[in-house]
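Reading through the structure tokens given below for one structure.
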Amino acid sequence: MQHLATKLTTLTVIFAGLCACSPAPKEQVSAPAPTEGQGPVANQTESERLNAFFERTFEEDLKRSPMFQSYLGKKWNYGEWDDISDEHHEQTLALKKNRLHTLESFDTNQLSEQEKLSIRLYKMGIERDLENEPFRYHHYIVHQFRAAHTSVPSFLINIHRVSNVSDAKAYISRLDNVSSYFDQLIVQMQNREKAGVYPPKWAYDQMIAAATNVITGAPFDTSDTASTLWKDIQNKINELDIDEVEKQTLLGEAKAALVTSVKPAYLALISEFSHQQTLSPEGDGVWRLPDGENWYNNRLAWFTTTDLTAEEIHQIGLDNVARIHKSMAAIKDKVGFDGDLAAFFDFMRNDPQFYYPNTDEGRAAYLKEAKAAVDKMREALPEYFGLTPEADMIVKRVEAFREKSAGKAFYQSPSADGSRPGIYYANLYDMSAMPTYQLEALAYHEGIPGHHMQRAIAQELDGIPQFQKFLSATAYTEGWGLYSEELAKDMGFYKDPYSDFGRLAMELWRACRLVVDTGIHAKKWSREQAIDYLLVNTPNPKPDVVKAIERYIAMPGQATAYMIGKLKIMELREKAQATLGEKFTYAGFHDEVLKDGPVPLSVLEEKIDRWIARQAR
């Protein structure tokens, strides 16, 4: 999920679905007071002092984010939302600058190579965050793809566990506090109004519809159907082993909170959506915003962790689209299709053999096949990985209240205490957007050996500080997901040529992203122009294409990270294979990629070069 909370260096991906390092206390407790600025302890070595700094600052940041506490299984401030006020942001900024100053006090000559890497990553994280400061209000605090109007119910349903009465009261407290949380959100929207920053006009219609969905059904109206949140809190309270009177008391309090806090909060937010829609300037890309060109350059640097320009990324996209088209044409010929590639795309897009019916039975069949693909991949992992996660992973359908606006698939990390597995979410709202020939590649990307391997392994790593497990390096994490799709080919999967075509279709999709993202935001393409490009150059159906383009508009630059990251990982693997010959092992290479958590691509290249040198001795 995309973040709403102000980011601290050590917690830069709160809403990216990264979870869990510590077991949850049994009861809700208040977080200890912050301890920023504690001095060194007598007789500490430099390594001990550095590790104490990492541990202290990670915990300090955690104390400032009730929502990230919940992701990690802690219940210090279990009934609260994050503070997204400007005051909180200014405090965060001061903390970052103070920590940069503190980092200069460490004598790196007394540190191990691992510690030197950690201190470098910590510093890079702060510096990257500070580079975003001139564009504080350029971030779309709300957009149709992900924002508070959908993340609030998703968080309560999927993250806020209710194991006892205290947890239930914390859930109710969060319901009561939605109004104050949304008050802060509306202030942030108004700050962006003053800065002239708005999502496109058409995006507000989707946000209004999604927000309305949340407050549709009982107890928000007279419907006999329970709303999503009411159904969730009823289920969680009814599962508690308490007497009926206490259950009914809790349910009464929850219903009151929904009616008196949640509903007015959503209505106020919907009103603000309607107001800002009238002000949003025409066009789709960020070029239409004040200083939009520099903002987009900032986003490309942030997401790719490179200095590639928009023009360079656009050309990389065009080159890879041409390469993948050639490979797809070869499969077309292999299966004996009579026609050109465009006709083959039309066949793959429309032939019913490649789609489950748009029914509950069809959705159940898709989930069953996706689970089978993940289970089969699990059996093949030991030959290709030394590091494997202990955490389990399940496949789940995206919830009904958010499936219309959510992406086609995404991953949520597990909790280390075992209370919540990793989750591969498949969006089955429209089965015409989920062709079976892409099912394998999608499961490998979001699940195993993709995001579940990388993220679950990162949070389970020993020997690196906590902050390092949660750094934001999108090109690394999404590059790994896309790399995993091709890795599965090397592992002997995609036996069916149509599934192999699906793998190529997924890679083609990411290559096209380089073209359309830069087209929209740097070359002033319209939404319709970008949609047409994907329809002509990919086999994906129109609903899939439309949703994708709308996502790239909402999240400028993010979509470029996948292909840029994957190409770098493949380049490094090919270098290792060419240099090491018989000394190369997949397990050794993959463990080196994964063993330090997410890192910028430049750091990853340095790591692999050192690994190659060690293996070559």
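Values in this text are rule-based calculations from the coordinates and carry no lab data. It should be emphasised that the depicted structure is a prediction, and the values quoted were computed from it without experimental measurement. With ideal geometry, Cβ positions are generated from the backbone for all residues, glycine too; neighbour counts draw on all protein chains shown.
Could you list GLU606, GLU46 so that the one with the fewest beta carbons within 10 Å of its beta carbon is first and the one with the most is last?
Listed from fewest to most nearby Cβ atoms, that is GLU606, GLU46.
Taking one equal scatterer on every alpha-carbon of segment 46-118, how large is log10 of I(q)/I(0) by Debye at q = 0.18, 0.28 1/Å?
-0.83, -1.22
Report the label-to-label distance for SER166 and ASN109 in nanometres (one decimal), using points 7 Å from each Cα along the Cα→Cβ vector.
5.0
Across segment 246-261, in residue order, what do the Karplus-derived ³J(HN,Hα) couplings come to in whole Hz, using 6.51 cos²θ - 1.76 cosθ + 1.60 with θ = phi - 60° and x for Gly and Pro?
5, 4, 5, 5, 5, 5, x, 5, 5, 4, 4, 5, 4, 6, 8, 10
When a footprinting reagent is the concern and you count Cβ atoms within 10 Å, what order do MET328, MET453 take, fewest first?
Final ranking by Cβ density, sparse to dense: MET328, MET453.
May I ask you to evaluate 6.51 cos²θ - 1.76 cosθ + 1.60, the Karplus curve with θ = phi - 60°, for each residue of segment 163-177 and list the ³J(HN,Hα) values in order in whole Hz, giving x for glycine and proline?
Values per residue, Gly and Pro as x: 9, 7, 4, 4, 5, 5, 5, 5, 4, 4, 4, 5, 4, 4, 8 Hz.
Under the definition of Cα pairs under 8 Å and six or more residues apart, what whole-number percent is the relative contact order of segment 42-132?
For segment 42-132, the relative contact order is 28 percent.
Hey, can you grab everything whose amide H is under 5 Å from the amide H of ALA226? Only 5+ residues off in sequence or another chain; H modelled, so Pro and N-termini drop out.
Placed amide hydrogens put ALA218 under 5 Å from ALA226.
Quick one: go through segment 581-607 and flag any residue whose amide nitrogen is under 13 Å from the point 7 Å out along the Cα-to-Cβ line of ALA613.
So the set is 606-607.
Restricting to bridges with both residues inside the chain, how much of the DSSP beta-bridge set is antiparallel, in percent to the nearest 5?
40
Specify the inter-centroid distance of segment 538-555 and segment 416-480, based on alpha-carbon positions, in whole Å.
Here the answer is 21 Å between Cα centres.
Using Cα pairs closer than 8 Å and at least 6 residues apart in sequence, work out the relative contact order for the chain, in percent.
17
Among 204-212, 190-198, what's the highest-first ranking by average C-beta atoms within 10 angstrom per residue?
Taking the mean over residues of other Cβ atoms within 10 Å, the ranking is 204-212, 190-198.
If you filter segment 266-328 for GluC sites (Glu not before Pro), then keep DSSP loop positions with at most 16 other Cβ within 10 Å, what is left?
Hits after loop and neighbour filter: GLU282.
Under the rule of at least 5 residues apart or a separate chain, name every residue whose amide H is placed under 5 Å from the amide H of ILE394.
Hits under the 5 Å cutoff: GLY422, ILE423, TYR424.
Computed FRET efficiency, Cβ-Cβ of GLN353 and LYS326, R0 35 Å: what is it to the nearest 0.05?
0.90
Suppose the chain between SER274 and LEU130 were pulled fully straight at 0.36 nm per residue; how much longer would it get relative to their current alpha carbon spacing?
Extra length available between SER274 and LEU130 comes to 48.6 nm.
For segment 193-343, what is Rg from Cα atoms divided by 2.2 N^0.38 Å, rounded to two decimals?
Normalised Rg, Cα atoms only: 1.71.
Where does the Debye-calculated log10 I(q)/I(0) of segment 296-567 sit at q = 0.09, 0.14 Å⁻¹, using only Cα point scatterers of equal weight, no solvent?
Results for segment 296-567 at q = 0.09, 0.14 Å⁻¹ read -0.40, -1.03.
Residue by residue, what Karplus-based ³J(HN,Hα) values in Hz, rounded to whole numbers, does segment 562-574 have, using 6.51, -1.76 and 1.60 with θ = phi - 60° and x for Gly and Pro?
4, 5, 4, x, 4, 4, 5, 5, 5, 4, 5, 5, 5
Going by how many other Cβ atoms sit within 10 Å of their own, how do ASP307, ASP517, ASP496 line up, fewest first?
ASP307, ASP496, ASP517
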